[in-house]
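S.K.: I'd like to ask you about the structure that follows.
The values are calculated or read from the model by the stated rules, or taken from the named source; none is laboratory data. The model shown is predicted, which means the values in this text are computed figures rather than measured ones. Counting neighbours? That spans all protein chains shown, and the Cβs are built from the backbone with ideal geometry, glycine included.
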Amino acid sequence: MRFFKRLLKGQGVMPLKIVTDKLASYSAAKKELIPTVEHSTVQYENNGCELSHQPTRQQERQMRKFKSHGQAQRFLSCHGVINNLFRPGRHLMQAKHYRLFRDRSFVEWNRVSCVQNLA
């Protein structure tokens with residue numbers, strides 16, 4: 001009960017679905033506190049949250065955790081696009097083509113970000 005109360009108090013909004021393990025006390029507390037919310041105990045359903053080897057999780061560790069959900073959303077909304085721009089899949093092409101794509105990536109980045117090369 002205390003776990004769910006603290007969890008819900010910190011969220012500020014009612015969740016649509018809760019994913020937990022099969023501990024019986026979770027079901028009992030959920031039935032009493034939030035009976036209308038769906039409760040899932042499927043084994044691998046929350047693996048997306050726990051993939052610590054993903055690039056975004058590595059970035060999160062480097063930043064010492066995001067300070068809020070909003071900050072995480074702002075970062076992640078553009079991170080994938082920029083990451084794809086500078087990582088064109090080196091193993092799929094010859095070195096001369098890779099260098100050409102990298103040069104184009106930097107030109108595009110300078111154009112979009114309005115950064116001027118001082119060199």
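S.K.: Take the residues of region 79-111 that are over 27 Å from the mean Cα position of the chain (by Cα) and not in a helix (DSSP H, G or I): which is surrounded by the fewest Cβ atoms within 10 Å (Cβ to Cβ)?
M.R.: Among them, the one singled out is Gln94.
S.K.: Report yes if Phe66 is hydrophobic (A, V, I, L, M, F, W, C), at pLDDT below 75 and in contact with a helix residue (DSSP H, G or I) (Cβ under 9 Å, 6 or more places away or on another chain), otherwise no.
M.R.: Spelling it out, Phe66 is indeed hydrophobic (A, V, I, L, M, F, W, C), at pLDDT below 75 and in contact with a helix residue (DSSP H, G or I) (Cβ under 9 Å, 6 or more places away or on another chain).
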